[in-house]
Amino acid sequence: MAHSPVTHAVVPAAGRGTRFLPATKAIPKEMLPVVDRPAIEYVAQEATDAGITDLLIISSHSKHAVEDHFDAVPDLEDALRTSGKTELLDSINRYRQLARIHSVRQGHPQGLGHAVYQARQHVGERPFAVLLPDDLMHPEEPILRKMLQVRERLGGSVVALLEVTPQQATAYGSADVSEVPLAKAGLSDIEGLADGDVFRLNRVVEKPPIDEVLSEYATVGRYVFDPAIFPILETLEPGRGGEIQLTDAFAKLIDVPVEEGGGVYGVVIRGRRFDTGDKLGYLQALVSLGVEDPELGPPLRQFIQQMGL
Ligand code: G1P
């Protein structure tokens, strides 16, 4: 049975960015540039490339800049047009090619689950994607597109899985999983998927202590949810850190019957992923994407070689 295509996505961007202070004291972390554009633009581009047409940003009072980035600036446009700076003009208008951007504010942030719950009215009874903007996927890894295709075939919800060490697993959702053979599940023709990439989740816990880590698979950054998650989020008690945890909500979806939108699958990320909310992850993203930039790449590589590190 084919399920309807997913057109809506939610980007929770109300976090304080404390891991990146003092850089994020006055600037939203989502606006820190990665090469030549803010991190949030990569996320909006990735969603658009995966077929998302409507993107809701969960914002806060200190995040005007994120909303402004996806808006027109008539006087700057005029100035660039008058001076013939067409490439720059195109760069500030790139947002027009992206999914339609909306925003809603999370007045009193109470965790990631609470942030996603703010999308309930906007999303309604549709399935939807969630993209955490700290997780920057290299454009060569279309993980969201693969996850959306799995959702269309199997229904339920789909989360991105990352292979991690037990120590790393304590910083993420940790999942107990069983492999889903592609042929048996009718997934063999999905481009970029191989056996060993798709799993069914049996259990998941948020940031477990090291002796309670469930496997080498962590749930990170990209999710596709059945709307059945909303009634769960509505009454969910605070979990780890006293916050309403998204992981606790989809943990409950595992046991919901398939006919009611239950079941959770995982797709393993095989390409590069950067945690741009972390200082080191951010630097790694800058260098990796910088050396691949057609214009900046060659001189940047030369500079790195000259440094002789
Ligand atoms: C959040 C989620 C966690 C996930 C992580 C990385 O945690 O709660 O389950 O593994 O993002 O995508 P945070 O890093 O915001 O504390």
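Of all residues being surrounded by fewer than 19 Cβ atoms within 10 Å (Cβ to Cβ) and under 22 Å from His102 (Cα atoms) in the range 5-30, which is modelled with the highest pLDDT? Just the residue, please. Selected residue: Thr7.
Inside the range 40-58, residues that are buried (at least 20 other Cβ atoms within 10 Å of the Cβ) and either modelled with pLDDT under 95 or of a type in the set (Val, Ile, Thr) (or both) make up a count of 5.
Does any residue of the range 8-30 turn out to be hydrophobic (A, V, I, L, M, F, W, C), assigned to a helix (DSSP H, G or I), without any contact (Cβ under 8 Å) to a residue 60 or more places away in the chain and under 23 Å from Leu289 (Cβ atoms)? No, there is no match, as no residue in the range 8-30 is hydrophobic (A, V, I, L, M, F, W, C), assigned to a helix (DSSP H, G or I), without any contact (Cβ under 8 Å) to a residue 60 or more places away in the chain and under 23 Å from Leu289 (Cβ atoms). Just so you know, in the range 244-257 the residues that are of a type outside the set (A, V, I, L, M), more than 25 Å from Asp197 (Cβ to Cβ) and in a loop (DSSP other than H, G, I, E, B) include one that is farthest from the ligand (Cβ to nearest atom), and it is Pro257. Entry remark, the range 264-309: residues being of a type in the set (A, V, I, L, M) and in a strand (DSSP E or B) number 3 in total.
Which ones in the range 151-203 are part of a strand (DSSP E or B) and aromatic (Phe, Trp, Tyr)? Selection gives Phe199 alone.
The residues of the range 277-288 that are within 16 Å of the chain's Cα centre (by Cα) and at pLDDT below 95, listed by number, are Gly277, Asp278. Applying the condition of being under 21 Å from the mean Cα position of the chain (by Cα) and hydroxyl-bearing (Ser, Thr, Tyr) to the range 166-178 and asking which residue is nearest to the ligand (Cβ to nearest atom) yields Tyr172. Comparison of Val220, Val224, Val198, Val213 shows that the only residue that is in contact (Cβ under 8 Å) with a residue 24 or more places away in the chain, near the ligand (Cβ under 9 Å from one of its atoms) and either touching a Lys or Arg at 6+ places or on another chain (Cβ under 8 Å) or not polar (S, T, N, Q) (or both) is Val220. Which residues, counting only those in the range 101-117, are more than 16 Å from the ligand (Cβ to nearest atom) and surrounded by 13 or more Cβ atoms within 10 Å (Cβ to Cβ)? Within the range 101-117, Ile101, His102, Ser103, Val104, Arg105 qualify. The set of residues in the range 59-87 that are within 16 Å of Arg37 (Cβ to Cβ) and exposed (fewer than 13 other Cβ atoms within 10 Å of the Cβ) comprises Asp68, Asp71, Leu76, Glu87.
Kindly indicate which of Gly239, Gly155 is within 13 Å of the ligand (Cβ to nearest atom), surrounded by fewer than 21 Cβ atoms within 10 Å (Cβ to Cβ), at pLDDT 95 or above and over 22 Å from Arg272 (Cα atoms). After ruling out the rest, the residue left standing is Gly239. Take the residues in the range 204-243 that are in a helix (DSSP H, G or I) and touching a strand residue (DSSP E or B) at 6+ places or on another chain (Cβ under 8 Å), then tell me which one is nearest to Glu179 (Cα to Cα). Filtering first and then ranking leaves Glu212.
The values are calculated or read from the model by the stated rules, or taken from the named source; none is laboratory data. In this text the structure is predicted, and so the values were computed from the model without any measurement. Don't worry about glycine lacking a Cβ; one is built from the backbone with ideal geometry, like all the others, and counts go over all protein chains shown.
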